[in-house]
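Since the structure comes first, as structure tokens, the remarks are kept for the end.
The values are calculated or read from the model by the stated rules, or taken from the named source; none is laboratory data. Everything numeric in this text was worked out from a predicted model, so none of it was measured. Cβ placement follows ideal geometry from the backbone for every residue including glycine, while neighbour counts extend to all protein chains displayed. Only protein heavy atoms, including side chains, enter the accessible area calculation; ligands, DNA and RNA are left aside. Shrake-Rupley method; radii C 1.70, N 1.55, O 1.52, S 1.80 Å.
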There are 4 protein chains.
Amino acid sequence: MGIRVGIAGVSGYAGVELLRLLHRHPAVRITALSAGRGAGRALSDLWPGWTGAALPPVGRLDVDHLAEHCDVVFLALPHGVSQTVVPALLERGVDVVDLGADHRLTDPEAYAAAYGAPHTCPELLSLATYGLPEQNRDVLAGARLVACPGCYPTATAIAALPLVEEGLADLVFSDCLSGISGAGRKAGPRNLYAEVQESVTAYGLAGAHRHTPEMEQALGVPVVFSPHLVPMVRGMLATVKVRLRRPVSGEELRDLYRERYARHPAVVVRDEVPATRDVRGTAAAHVFPLVDIRREVATVVSAIDNLGKGAAGQAVHAFNLSRGLPETAGLPLVPLLP
Amino acid sequence: MGIRVGIAGVSGYAGVELLRLLHRHPAVRITALSAGRGAGRALSDLWPGWTGAALPPVGRLDVDHLAEHCDVVFLALPHGVSQTVVPALLERGVDVVDLGADHRLTDPEAYAAAYGAPHTCPELLSLATYGLPEQNRDVLAGARLVACPGCYPTATAIAALPLVEEGLADLVFSDCLSGISGAGRKAGPRNLYAEVQESVTAYGLAGAHRHTPEMEQALGVPVVFSPHLVPMVRGMLATVKVRLRRPVSGEELRDLYRERYARHPAVVVRDEVPATRDVRGTAAAHVFPLVDIRREVATVVSAIDNLGKGAAGQAVHAFNLSRGLPETAGLPLVPLLP
Amino acid sequence: MGIRVGIAGVSGYAGVELLRLLHRHPAVRITALSAGRGAGRALSDLWPGWTGAALPPVGRLDVDHLAEHCDVVFLALPHGVSQTVVPALLERGVDVVDLGADHRLTDPEAYAAAYGAPHTCPELLSLATYGLPEQNRDVLAGARLVACPGCYPTATAIAALPLVEEGLADLVFSDCLSGISGAGRKAGPRNLYAEVQESVTAYGLAGAHRHTPEMEQALGVPVVFSPHLVPMVRGMLATVKVRLRRPVSGEELRDLYRERYARHPAVVVRDEVPATRDVRGTAAAHVFPLVDIRREVATVVSAIDNLGKGAAGQAVHAFNLSRGLPETAGLPLVPLLP
Amino acid sequence: MGIRVGIAGVSGYAGVELLRLLHRHPAVRITALSAGRGAGRALSDLWPGWTGAALPPVGRLDVDHLAEHCDVVFLALPHGVSQTVVPALLERGVDVVDLGADHRLTDPEAYAAAYGAPHTCPELLSLATYGLPEQNRDVLAGARLVACPGCYPTATAIAALPLVEEGLADLVFSDCLSGISGAGRKAGPRNLYAEVQESVTAYGLAGAHRHTPEMEQALGVPVVFSPHLVPMVRGMLATVKVRLRRPVSGEELRDLYRERYARHPAVVVRDEVPATRDVRGTAAAHVFPLVDIRREVATVVSAIDNLGKGAAGQAVHAFNLSRGLPETAGLPLVPLLP
């Protein structure tokens, strides 16, 4: 039959991508759907492209209903909402894969500082497992609460982890370019077509973006993070620069990355700069490291799909690991081209 | 195990979409790949997003090689090329699914008029089966040479067939909007980014487009076809208008479409105008008919993915029917959103 | 010196385009600005690109203020608002160029049917002059209230007028493609980036769009109007099809258009299909007529900038005529390329 | 009347933008046009949007013709071409504003290293004046050969100059995002619509881009330059990061920028991050500096139009200065919105 899975937040972009991935996952049956907006409406009202699909109706977020019908629930909810339902779900025996930000930071004070209010259930922060497979594959086995990484921290970590682990970096510059779907489906000037098409900008600079502490927690060094919005729907590119603490050749660096990611099926070390189109619709990250000998700087570029490896795809990956399923079961690893 | 399948023309947009679909098709094994440009290069040189996939090397178009390794070959080749290899493939026992235009028109003179040169093997024209499942499902069973419809004829036929079959139309106006991937991967002013972004235009008006005779053959009535290029990569919308030969209510028209497509899994009759995003990456067509009582006109909108239902997706659909496989085996029917 | 001009609605897309055009108009001084949203804020808050410009502050819509400071006021307001201020402005001696829909239809009943409520000042409907220079150049001289045409009616009329005036058409099919800026700056699913990028759709079909009666009033024949939204910010293309009431050659049709528009500086009759990029940022329309002899159909394509010839540019054009200024004073007629 | 001006390279993107700006420049008359592709064709064949404009015919690049008809020639030519005509033009008394790269580097060896071949006329390198008005306003007066800065060096210099001049930086990280028009009008995979839409990538990393030595020459410190291509036609954003050599407050930094650019009409110091839309079609740069106290880093964002301030607009600006015209004569400083 398959693991009974629910998706909370199916009206959002990460939610509908989860739906696409879990709908074709060989070990899964989708048994519950909920949405804030749109509860009580047909799925086809929220997403006309799904007209005709045989799926459960879309209800409100209801712990009882989820506990009755699901073994695992994927939460794709706004900041602050998942912490209100996770304790009850866990208690009722339901495992949780949380795509939101509520359980990523382990330090309650860091959480409060970044999100502007104390966590309502701080003991969850130490219980959650950070769902970056390339960092935590082993500890994800059996995890009951997975905190899926943010999209920017994922792209930055994949690019910077080998440098940092090797002691080559004491400060990481990460400039990231994100598609507009990262801003969510709620209308505002930042995601209005005529305001973002044919324009780029930056935001959340100088440590102001909430993903900065998450990156620094994952990497253990300070990060100068500069996020940019570019006129595309999906995709994220991170260009990481590090002033090398000791000289390294391009060859050495490439070998370092090849070894580091050799047994990680969702990371491809490339011989040239990747583009986000190479990973569109996938749970993969493509990464390319190179050295500027003269300026003693390493530059590493990683490309992900912000809704794939940066959200739903990585969530399914972590779910597979938490359940002991084959690591790539149901995982999309080849792109939609062009 | 599985049917051994080759793809000729994998460097193009329809070719790489075939690769994506056949790679995950449960009844298929990909055993040969060829490309004009790029023969002898690794697949990852042509499509870096496919780096690391376990697939055969990319060779030149070679009938002997294909005959040795394949039961079926999908041809995604420029106009005029497939007619040079199809006879030998069929003779060697290899079935052919041709995505190109070479075998769509049944009349050799119509072919010569549209494509500017006589067909080199005109007897194939009567042998080929036009691969529109909604028109030819039964005759596709066992077909050895499938001529897949063009993207514009597909979108137009899905919208207009019920009207025409019912005798309601003696002239069809079809205005179609196409994504730029339809222009192919060869660089030219029509597909240069800075020339097409933030601009729309029309072309091939007044019967000049080669898809016009194909539409008229499929529908059996004259078609005034106006194709437009719009700044998006994938997707096609057809807006068909018909001056009704007798009064019809909106209800009647909707029922007509519902019945006509009731048992066709790749067509969804909608209650509102579809958008091409609803079918992105799929082999489905969404269609919505409505009546303007006062002006005695029916307007029908259909949406397809020009590379899906308009090319590779429909090719896989026709392949399934030709082989007696489950009709929707390996067929993508839910979209990539957003 | 110069004519003292106010702009009401400067926070919207048509408003800011008016600002750009009037700011460099040689016969004009901008003396008042108002905005619904954003009243009391600096212009640079509404439009950061205007930071540093020496312009009046942005206030609320205030008839007294406008009457004191302006000879002419351009209104770029939502439906229904301008009829509440026009009577007082005219009475106070201020001329009005209205870019909105309130005074386009001459028949109060047609107005009420299209806009869902009776006009509050129906006597204005007969007083207003429809601001299509190619139709009403002479009557615009001295006009105190100009009702600027809608974007779709402008594009359709430029393409269809010669055919209709020549008695060649008894039914006009107009399929139009519009950039998203036409939907305005208020956020909603129709103008959210991730909902409209890489997708096209149609809407307001079968006579449901409010511009249909306006087109039929301007042309005097029934119009089957099919508007489409395409993923670009600015630009509009109309593809008009007409079943010819008598045979016409392509040559004849081209001559007809050349003569009709010979002395109209904002219309260029082209020898090939125009693209909207050809008129980006301009007050011009490019038009191309051709005949399908076999199907006895004429197809005419016109391209405008929906915010230029379709709104602010044409408003300035009509203003010039109403004031007896040189017809092309301050009128942008060459495009921003690429 | 007016200075007689020629444009060489009018078939390219910078060339046609020059045409737009010089066509409306009050002190200029356009007296010669040339194009590599398209010589002998009408301007309207190259740019249909210019159909009907009264301009000289488009000829080949011909020094005699230019010398006879022009006081000044603007060169918008591929690398290596302008050095073949500049000596003769200067000798014949024609001043030159060169938008290309041939005369930007002052050191012949640096030129040869960056462009792969020795300069054919190295004495020009010391004769040319680097046309960055914010650095060289005074020395531009009377300049006979202006070497207009590259787009990336312009964006980077505007952002970094105050920091560097103040001794705050010993290494500059510059991540730039460029619209695709920067890749020129020659077709290739880098500017094909379906290859760049919905995708971003980086290129020319680790010092490989030819603009790196130009930046380092302008700033006098090493630069780690990371250029990115984003799916838009026009626009460029530079995000410059500098590890501060001594602590600086945000207030101090803002004041530093305000003072530095107080009397430079083409630079606007903003209170928030600019977007490229704010400067679309203009010769202006918008810049925003801020400090990350905790990480001791300054981040400065500048936005330009790569074809405006980054090419044709800045060329006209430098031309004005070289001729003693009012600095902003004919200079577009307000954007096309939206």
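Of all residues in region D:113-123, none are in the same structural domain as D:ARG270 (by TED's automatic domain parsing) and aromatic (Phe, Trp, Tyr). The lone criterion from (1) among the small types (Gly, Ala, Ser); (2) in contact (Cβ under 8 Å) with a residue 40 or more places away in the chain; (3) touching a helix residue (DSSP H, G or I) at 6+ places or on another chain (Cβ under 8 Å); (4) open to solvent by less than 10 Å² (accessible area, probe 1.4 Å) left unmet by D:SER226 is number (3). Within region D:287-295, one or more residues are in contact (Cβ under 8 Å) with a residue 12 or more places away in the chain, at the interface with another protein chain (Cβ under 8 Å from one of its Cβ atoms) and surrounded by 21 or more Cβ atoms within 10 Å (Cβ to Cβ). Being out of contact with any His (no Cβ under 9 Å at 6 or more places or on another chain), assigned by TED's automatic domain parsing to the domain that holds A:VAL16, closer than 25 Å to A:ALA141 by Cβ and of a type in the set (Gly, Ala, Ser) is the requirement here; does A:ALA88 meet it? Against the criterion (out of contact with any His (no Cβ under 9 Å at 6 or more places or on another chain), assigned by TED's automatic domain parsing to the domain that holds A:VAL16, closer than 25 Å to A:ALA141 by Cβ and of a type in the set (Gly, Ala, Ser)), A:ALA88 qualifies. Report whether or not B:LEU22 is touching a Phe, Trp or Tyr at 6+ places or on another chain (Cβ under 8 Å) and buried (at least 21 other Cβ atoms within 10 Å of the Cβ). In short, yes. Does at least one position in region C:156-176 carry a residue that is open to solvent by 20 Å² or more (accessible area, probe 1.4 Å), within 14 Å of chain A (Cβ to nearest Cβ) and in contact with a strand residue (DSSP E or B) (Cβ under 9 Å, 6 or more places away or on another chain)? No; the residues of region C:156-176 include none that is open to solvent by 20 Å² or more (accessible area, probe 1.4 Å), within 14 Å of chain A (Cβ to nearest Cβ) and in contact with a strand residue (DSSP E or B) (Cβ under 9 Å, 6 or more places away or on another chain).
Against the test of being among the hydrophobic types (A, V, I, L, M, F, W, C) and in contact with a Lys or Arg (Cβ under 8 Å, 6 or more places away or on another chain), the options D:VAL86, D:VAL81, D:VAL96 yield a single qualifying residue, D:VAL96.
Cβ-Cβ distances below 6 Å connect the following pairs, each with a first residue in region C:76-97 that is open to solvent by 50 Å² or more (accessible area, probe 1.4 Å), a second residue that is assigned to a loop (DSSP other than H, G, I, E, B), and a separation of six or more residues or different chains: C:HIS79/C:ALA101. So which residues in region D:142-154 are under 15 Å from the mean Cα position of the chain (by Cα) and part of a loop (DSSP other than H, G, I, E, B), if there are any at all? Once the filter is applied, which keeps residues that are under 15 Å from the mean Cα position of the chain (by Cα) and part of a loop (DSSP other than H, G, I, E, B), region D:142-154 yields D:CYS148, D:PRO149, D:GLY150.
Within this structure, B:PRO189 passes the test of being under 26 Å from C:LEU336 (Cα atoms) and either within 14 Å of chain D (Cβ to nearest Cβ) or in contact with a His (Cβ under 8 Å, 6 or more places away or on another chain) (or both). One residue stands out among those in region B:256-286 that are within 12 Å of chain C (Cβ to nearest Cβ) and assigned to a strand (DSSP E or B): the one that is surrounded by the fewest Cβ atoms within 10 Å (Cβ to Cβ), which is B:ALA275. Within region D:200-223, the residues that satisfy the criterion of being among the small types (Gly, Ala, Ser), free of Cβ contacts under 8 Å to residues at least 60 places away in the same chain and open to solvent by 10 Å² or more (accessible area, probe 1.4 Å) are D:GLY204, D:ALA206, D:GLY207, D:ALA208, D:GLY220. The residues of region B:308-338 that are within 16 Å of A:TRP50 (Cβ to Cβ) and not in a helix (DSSP H, G or I), listed by number, are B:THR328, B:LEU331, B:PRO332, B:LEU333, B:VAL334, B:PRO335, B:LEU336, B:LEU337, B:PRO338. Quick check on region C:234-251. Is at least one of its residues without any contact (Cβ under 8 Å) to a residue 24 or more places away in the chain, away from every other protein chain (no Cβ under 11 Å) and not in a strand (DSSP E or B)? The answer is yes; a qualifying residue exists. Suppose we keep only residues that are part of a loop (DSSP other than H, G, I, E, B) and open to solvent by 30 Å² or more (accessible area, probe 1.4 Å) within region D:106-141. Which one would you say is farthest from D:GLY204 (Cα to Cα)? So, considering only residues that are part of a loop (DSSP other than H, G, I, E, B) and open to solvent by 30 Å² or more (accessible area, probe 1.4 Å), the one farthest from D:GLY204 (Cα to Cα) is D:ALA141. Scanning region D:198-220 for residues that are under 22 Å from D:GLY80 (Cα atoms), more than 7 Å from every other protein chain (Cβ to nearest Cβ) and not polar (S, T, N, Q) yields D:GLY204, D:ALA208, D:HIS209, D:ARG210, D:HIS211, D:PRO213, D:GLU214, D:MET215, D:GLU216, D:ALA218. With the structure loaded, tell me whether A:GLY59 is more than 24 Å from the chain's Cα centre (by Cα) and open to solvent by less than 40 Å² (accessible area, probe 1.4 Å) or whether it fails that test. Criteria met by A:GLY59.
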